[in-house]
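Reviewing the structure listed below.
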Amino acid sequence: MLSRVISGKIRICGIIGDPIEHTMSPLMHNAAFEKMGVAYWYLPFRVKKEALGKAIDGMRALNIKGLNVTIPHKVTVIPFLDKLDRFAERIGAVNTVVNDDGVLTGYNTDASGFLQALLERGIEPTEKKVVILGAGGASRAISFILAERGSNLVILNRTLNKARELADRISQIFQRETEALKLDRENLARALSKADILVNATSVGMYPDIDETPLTADLLSSGLVVFDTVYNPVKTRLLVEAEAVGAKTISGLDMFIWQGALVFEKWTGLKAPVELMREEVIKVL
Ligand code: NAP
């Protein structure tokens, strides 16, 4: 139960998106603010596509300290900002805005949250062969940070064109051969036979469709690290089946918590209480 007093010193942070009712970020960040004793509050704001510019003007006018940005605004918010961090610029998507005395800078902590979740489990992706499923926003952030870290990528997507566009961009920027394939059984079997890490960056398996999985269990093996970006449920069918064959598994919850921790640090300048943030989210999942 939050017990903080709202005084004149409060700094406001929040999240903009549409829909926004399902977000767990207010819960996670308010618990962290309370634990660290900082005068910050985090609120959800439902912002429709056509109101995005006004919302960012409002952020400046009201001196809001920080905003997270979620679907459908991660790309379209960019022209309204003053600066982009080098990595957000490369990815072409922003999930965090920091307001420093009226200067708005965009960051992408989805990417760094993903990498931190891997490293925290002792997995260094440099020179590893990584199979990524999906070519949407999450896949884009993950593909860029892995390419920068020196991974060899194969991107499979239901819509092949989107995988090709992403792979071409990565090959061009990082001078690293990146393969794009249609997401089907034959291609999956071939790609996974040589893979070290599998990342599901599609929404397959997400609540309420928790019985779905992007691939059948017979394609999994004990030598794989399986990372599912889906975090509701915490243990997806893919992770349950990967665990059953002895593969190492990582939940999207870890990525979500780490991206939140990095945001907390940018807004407050303090080290985030990561374990508390995790506990708060797990309580509601
Ligand atoms: P998005 O931009 O809408 O992309 C969705 C991706 O999923 C596309 O590649 C899409 O393929 C694919 N897809 C959807 N339904 C499919 C199906 N039935 N079969 C095969 N492929 C399917 O969404 P996003 O923002 O990238 O999010 C993707 C997932 O990442 C979501 O589950 C989200 O919760 C998760 N995520 C997690 C975190 C975290 O912190 N853990 C952060 C961001 C996102 P097409 O291109 O063919 O449509």
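So which helices (runs of 4 or more DSSP H) stay within the range 25-121 end to end and still have 3 or more residues that are in contact with a Pro (Cβ under 9 Å, 6 or more places away or on another chain)? Where helices (runs of 4 or more DSSP H) fall fully within the range 25-121 and carry at least 3 residues being in contact with a Pro (Cβ under 9 Å, 6 or more places away or on another chain), they are 25-36, 109-120.
In this structure, GLU243 qualifies as free of Cβ contacts under 8 Å to residues at least 60 places away in the same chain, open to solvent by 50 Å² or more (accessible area, probe 1.4 Å), away from the ligand (no atom under 14 Å from the Cβ) and in contact with a strand residue (DSSP E or B) (Cβ under 8 Å, 6 or more places away or on another chain). Within the range 121-147, the set of residues being in contact with a Leu (Cβ under 7 Å, 6 or more places away or on another chain), over 16 Å from VAL94 (Cα atoms) and of a type outside the set (A, V, I, L, M) comprises just one member, PRO125. Out of ILE15, ILE6, ILE10, ILE71, one residue alone is in contact (Cβ under 8 Å) with a residue 12 or more places away in the chain and either open to solvent by less than 20 Å² (accessible area, probe 1.4 Å) or polar (S, T, N, Q) (or both). It is ILE15. Mind counting the residues in the range 198-212 that are open to solvent by 20 Å² or more (accessible area, probe 1.4 Å) and more than 10 Å from the ligand (Cβ to nearest atom)? Residues meeting the conditions: 3. Checking each residue in the range 115-142 for being near the ligand (Cβ under 8 Å from one of its atoms) and open to solvent by 10 Å² or more (accessible area, probe 1.4 Å) picks out ALA135, GLY136, GLY137, ALA138, ARG140. Listed by first and then second residue, the pairs linking a residue in the range 173-194 that is within 20 Å of VAL226 (Cβ to Cβ) to a residue that is of a type in the set (Lys, Arg) and part of a loop (DSSP other than H, G, I, E, B), with Cβ atoms under 7 Å apart and 6 or more places separating them unless they lie on different chains, are LEU183/ARG158.
Of the residues making up the range 196-212, just one is farther than 21 Å from SER143 by Cα, modelled with pLDDT of 95 or more and of a type outside the set (D, E, K, R), namely ILE210.
Of the residues that make up the range 249-271, is at least one in contact with a Leu (Cβ under 8 Å, 6 or more places away or on another chain), away from the ligand (no atom under 15 Å from the Cβ) and closer than 19 Å to LEU198 by Cβ? Among the residues of the range 249-271, not one is in contact with a Leu (Cβ under 8 Å, 6 or more places away or on another chain), away from the ligand (no atom under 15 Å from the Cβ) and closer than 19 Å to LEU198 by Cβ, which makes the answer no. Looking across the range 144-160, just one residue is under 11 Å from PHE174 (Cα atoms), within 14 Å of the ligand (Cβ to nearest atom) and open to solvent by less than 10 Å² (accessible area, probe 1.4 Å), and that is PHE144.
Scan the range 36-63 for residues that are closer than 16 Å to ASN95 by Cα, in contact with a strand residue (DSSP E or B) (Cβ under 8 Å, 6 or more places away or on another chain) and open to solvent by 20 Å² or more (accessible area, probe 1.4 Å) and the total you get is 5. Contact map, the range 110-125: residues that are without any contact (Cβ under 8 Å) to a residue 12 or more places away in the chain paired with residues that are surrounded by fewer than 16 Cβ atoms within 10 Å (Cβ to Cβ) and of a type in the set (A, V, I, L, M), Cβ distance under 9 Å, separation 6+ or inter-chain. No pairs are found. Residues being touching a helix residue (DSSP H, G or I) at 6+ places or on another chain (Cβ under 9 Å) and open to solvent by less than 40 Å² (accessible area, probe 1.4 Å): count how many of those fall in the range 172-188. Summing the residues that are touching a helix residue (DSSP H, G or I) at 6+ places or on another chain (Cβ under 9 Å) and open to solvent by less than 40 Å² (accessible area, probe 1.4 Å) in the range 172-188 gives 5.
The values are calculated or read from the model by the stated rules, or taken from the named source; none is laboratory data. Please read these numbers as outputs of a predicted model, since none were measured by experiment. Here the Cβ is made from the backbone with ideal geometry for all residues, glycine too, and neighbour counts use every protein chain on show. In case anyone asks, the SASA skips ligands and DNA or RNA and just uses the protein heavy atoms, side chains included. Shrake-Rupley method; radii C 1.70, N 1.55, O 1.52, S 1.80 Å.
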